Each structure stands twice: as C-alpha cells, then as structure tokens.
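The values are calculated or read from the model by the stated rules, or taken from the named source; none is laboratory data. Values in this document were obtained by computation on a predicted structure and should not be read as measured data. Positions of Cβ are generated from backbone atoms using ideal geometry, with glycine treated the same way; all protein chains shown enter the neighbour counts. We work out accessible area using only protein heavy atoms, side chains counted, and drop any ligands, DNA or RNA first. Shrake-Rupley method; radii C 1.70, N 1.55, O 1.52, S 1.80 Å.
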Amino acid sequence: MPAPPPAEGVVPLNGPANRTPRPGCRTRRAGRSPRSVARPPLLVVVAAAAVAAATLIPLGFVAVSTVTTDPQTAAGLVLRPRVGLLLTNTVALVALTVPLCVVLGVTAAWLVERTDLPGARVWSLLLAAPLAIPAFVNSYAWISTMPRLAGLTGGVLISVLSYFPLVYIPAAAMLRRLDPALEQSAASLGQGPWRVFLRVVLPQLRIAVLGGSLVVALHLLAEFGAFSMIRFDTFTTAIMDQYKSTFNSSAANMLAAVLVGLCLVLLVIEASARGNARYAKVGSGSSGGPGISRLRGWTVPSTAFVVALLILALGVPLYSIGRWLFAGGVAAWDLPELSAALGQSIGFGVLGALATTVLAYPVAWLTVRFPGRFSALLESVDYVASSMPAIVVGLAFITVTVHWFYPLYQTLPVVIAAYVLLLLPRALVNLRAGIAQVPHQLEEAAAALGGGPVRTFVRVTLRLTAPAAAAAGALTFLGVVNELTATLLLAPTGTRTLATRFWSLSAELDYAAAAPYALAMIVISLPMTYLLYRQSQKALGL
C-alpha cells in the first residue's frame, strides 16, 4: 500500500533524498559545501585584477631598471658596505618600532574599551588623533624641542608616536564587536581575567593586530621626511639622495630592489601568522555586553599611562608648533597662501579617500571570502607596490606618462592614482577586518532570496562593513593630506598643499612660517577623527 502524501507544510524525512532533479538543475556532490563550489563574481575579479595591474607600474619600473643594469655593476652596488649599514638601520627600526606599536596600541585599546578607566570615551577619541600629525611634523616638533635627537633612537621614538594608532584603531574596533559569550564561558570555567584576555580575547584580535603591524612596517620602509630631518639613514633617505643627484640612478634602482625584497619578507611573515582564521557571529550574540574589568588599584597607573602617551604623541608637537607661532607672530600667517593650500589639501584628500576605499573593496572581499593563491597574490602585489617609497612611485608615473600617456603628465588623475597605490593598505586592513566579521551565511541567504550580487553587496555587505569603510576612508584622507613626496613630483604646476608648503618652508629653516601649515594639517584631521569615533559608536548601536 503506498504511503499517503504528506500534509501541506510537512516535509517527509526521506523526501530530499528521493527527489528527482529537475531538468537543467545542477546537482552538488555529497560532502562538498556550497562555499567549496562557489566562485567569485567575474566583475569583482576583474576589478581586483585591474587594481593589482595598476600597482605593477612602479614595480615594473624598478624591475626594468634592475634588469637593464649590468650584472657586475648591480652586484657592486648591492654588496657595498653602505647597503649593509642601510639594511641594519632599516631592520632595527622595524624590529623595535612594530612591537612597541603593538604593545601600546593593544594596551590602549583594551583600557578604553574593556576597563572602567575614567574618561574612556574622551581617551578613545584622543588616542586616534596622533594620525593627524605627519611623521615629518613630529620630527620638526621633536628636533625643535630636543635638537640632539637623531639616529635610531630618534627614529623609533618618532615612528612609534606617529604610527601606534594604526594598531590601536583596528584593535579597538575589533574589541567592540567581539561576542562576549566566549569570554563569559571562559570566566565561568574558572579562568582569571589575564587568562581570558590571553587565551580568548587576544587570539581574536590577531587579524586586526597583524594587519596594523604590517601597515606600520610598510610605512617605516617608505618613510622619508621624518628620518631625513633627524639625520637617520634608511633605504628611503638613500634613494632620495641618489635621485636628487641623478634622475635615473642605477644605485637608487638597486636600493629600491632591496627595499621590495624586504617588503616581500614582511608579507610572508604576516600571511603565515594570520593564517585563515575568521571570527564572525550571526545575530546579536550574548546579551550581557562586553565584560568590563575593574582596574581598582591600577586606575591611577593606567590613567597615567594614557596621559603620558598622549603628552608625547600630541602634547610635544602642539607645544612646539605653538611656540613657533608665538615667535613668528602675525607675520607668520600668510592667509591667502594658507587658504589656497588648505583648499587643495581637502580636495585631494576627499578624492583620494573615495578612490582608495572603493578600489580596495574588491581586493579585501576576495581575500576574506575566497582565500587562495589568486586572492593572496592580488593582495600581496598591492602591498608590495604600496611599500615602495613615494619617490619611486612618482618617478615611475612620470616615466610612463611622459613616454606613453603624455596628456596625463602632471594632471589630477595621475596624482590620485599615486595616492591609491601608496595608501591602499590602510583601506585594505580596515575593510578586511570588517568583512571578516560579516557572516557569509547572510550574503548567501540574500542571494538565495533572489538578490543579485550587486544588490546583496549593497544591502548586506556594504551596510555591515560601513564602520570599517568609514575608518578606511578617514585613514586614507589623513594619509593624503599628510603625503609629501608624490605630490611634489606629480601634482600639476602651481599646486601647493599644506604638506608641500610646510616642507619647503622648514627646509629653508623658517620654522615660524612653517608652523601655521603644520597646525592646519592637524586641525583638518579633527572631523575625520570624530567620524572614526561616531562610527565606532554606531557599531555598538549607541
């Protein structure tokens, strides 16, 4: 006797197994998940590949220059004692600065996000503000206060104070979004606060911390102005000196090749440490909110730590600028020139931030959603190109535009393209961390309900990664406003940004006249810093 048909709305236990596939429908092999057979949209792949191809311009410039150099000449240029000294300085700078940035950034993030530190909301905003102060302005401020500051000690001090927010911001954002259920479970099993932090919280910060550390290291490899002011020789300062003496220098090309090799080593280390870990939650998670640790007797030392850090990172530069403004008086304020430079800096910053954030999305999404050799290759190419000194990127674009695209020579699109190449890691790190916390099941559910790739991206991915995108745009804006070398080389004739005017005046030792431009660069960062703070509050639903 045949079994009766199931009632409406009831699915028989053996129903799915006995269904006959409809004509034209593809069957999925047993044991394979939807993620294993899914492929990224072709449009996303093309967009990410186009960004990576554009980044190959400076790499190709270095590669061609290296290949066309006589092998014996190249060996002589690379194996000389001068290169050994530069390598020692650069490696020591990275080895000392990056761990210090991690310790300061993670400690500050934990204090303001997970403890009852008095005034935590104010500190959380101020700790991001040092990004508004360019590293070369920090050098200007510190050598004005301590004229004998120089060498490796000066380089580490200025670098840490300038770049620790690159670790602090993603770490703080990740701490806000972590599901406290895991910490509560560990605490219920008898784990103390330190064990919970080391064994539960810190591993979940790995993506943010490693990404921030990589960006810090890349900045150290590419920084010129800060180290030039304190007379600390690195590969970037040596490359600039070589290009100043001869426009097409084989010695400078060889130094650039070594610098790219260092970047590749950093990328391999970061990728190996990062692995394929993903941390996401579906729904609101635990309703208890993140656990707040009581500082008790550590309240005063913790507050003193935050205050001391802010005095060094913000107080010293502001004091030095204020001192030079007072010494220069009214004569230091050239308002027409300052207004023109301010307008051009803001315009360049907005265009650069939009272009960089938009172009970073395809690469970040592929890296998180479809990890593999292809996405890793695209990301690595972007990081390698961005690690190159701005002088090399600028000269590469000059060579390409002069020889093949002369109408674009010294035009705004070329300047924006250079900004994108130089600042892409800032956007990638934030977007990658944000996308990693968006459960891919939500995207798949939206697609299953009939939403196309574009609609799914706009209604699900873009909405959930909006705080990360805002942080990426803000960091990129600050980077554009503070960028110096590429702007000097590529900007149209007559362009004068705050950074270029400051550099030209400080190079003439007119520190009083340079102070208003330094102050303006800091002031226009306040809206971006406030945006970072507000987006972090929105992520918490506040």
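Comparison of Leu526, Leu475, Leu540 shows that the only residue that is under 26 Å from Leu359 (Cα atoms), modelled with pLDDT under 80, aliphatic (A, V, I, L, M) and open to solvent by 10 Å² or more (accessible area, probe 1.4 Å) is Leu526. Considering the range 327-345, and only residues there that are surrounded by 17 or more Cβ atoms within 10 Å (Cβ to Cβ) and over 14 Å from Ala491 (Cβ atoms), the residue that is farthest from the chain's Cα centre (by Cα) turns out to be Gly328. Filtered by the rule that a residue be open to solvent by 30 Å² or more (accessible area, probe 1.4 Å), at pLDDT 80 or above and of a type in the set (A, V, I, L, M), the range 388-444 gives Val400, Val402, Leu408, Leu412, Ala417. Scan the range 31-53 and give yes if some residue there is more than 30 Å from Leu377 (Cβ to Cβ), more than 28 Å from the chain's Cα centre (by Cα) and at pLDDT below 50, otherwise no. The answer is no; no qualifying residue exists.
Which residue out of Val103, Val112 is surrounded by 20 or more Cβ atoms within 10 Å (Cβ to Cβ), over 20 Å from Ala472 (Cβ atoms) and within 23 Å of the chain's Cα centre (by Cα)? So the residue among Val103, Val112 that is surrounded by 20 or more Cβ atoms within 10 Å (Cβ to Cβ), over 20 Å from Ala472 (Cβ atoms) and within 23 Å of the chain's Cα centre (by Cα) is Val112. Filtered by the rule that a residue be surrounded by fewer than 22 Cβ atoms within 10 Å (Cβ to Cβ), within 23 Å of Gly329 (Cβ to Cβ) and in contact with a helix residue (DSSP H, G or I) (Cβ under 7 Å, 6 or more places away or on another chain), the range 483-505 gives Arg496, Leu505. Applying the condition of being part of a loop (DSSP other than H, G, I, E, B) and loosely packed, with under 11 Cβ neighbours inside 10 Å to the range 283-309 and asking which residue is modelled with the highest pLDDT yields Arg294.
Sort through Val137, Val91, Val106, Val122 and tell me the only one that's of a type outside the set (Phe, Trp, Tyr) and within 13 Å of Pro165 (Cβ to Cβ). Walk me through how you get there before you give the answer.
Details: Val137 fails: within 13 Å of Pro165 (Cβ to Cβ); Val91 fails: within 13 Å of Pro165 (Cβ to Cβ); Val122 fails: within 13 Å of Pro165 (Cβ to Cβ).
Selected residue: Val106, the only one of Val137, Val91, Val106, Val122 that is of a type outside the set (Phe, Trp, Tyr) and within 13 Å of Pro165 (Cβ to Cβ).
Inside the range 55-68, residues that are of a type in the set (Gly, Ala, Ser), modelled with pLDDT of 80 or more and buried (at least 17 other Cβ atoms within 10 Å of the Cβ) make up a count of 0.
Could you please find all residues in the range 70-96 being at pLDDT 75 or above, under 17 Å from Ile239 (Cβ atoms) and open to solvent by less than 60 Å² (accessible area, probe 1.4 Å)? Val83, Gly84, Leu86, Asn89, Thr90, Leu93, Val94 - these are the residues of the range 70-96 that are at pLDDT 75 or above, under 17 Å from Ile239 (Cβ atoms) and open to solvent by less than 60 Å² (accessible area, probe 1.4 Å).
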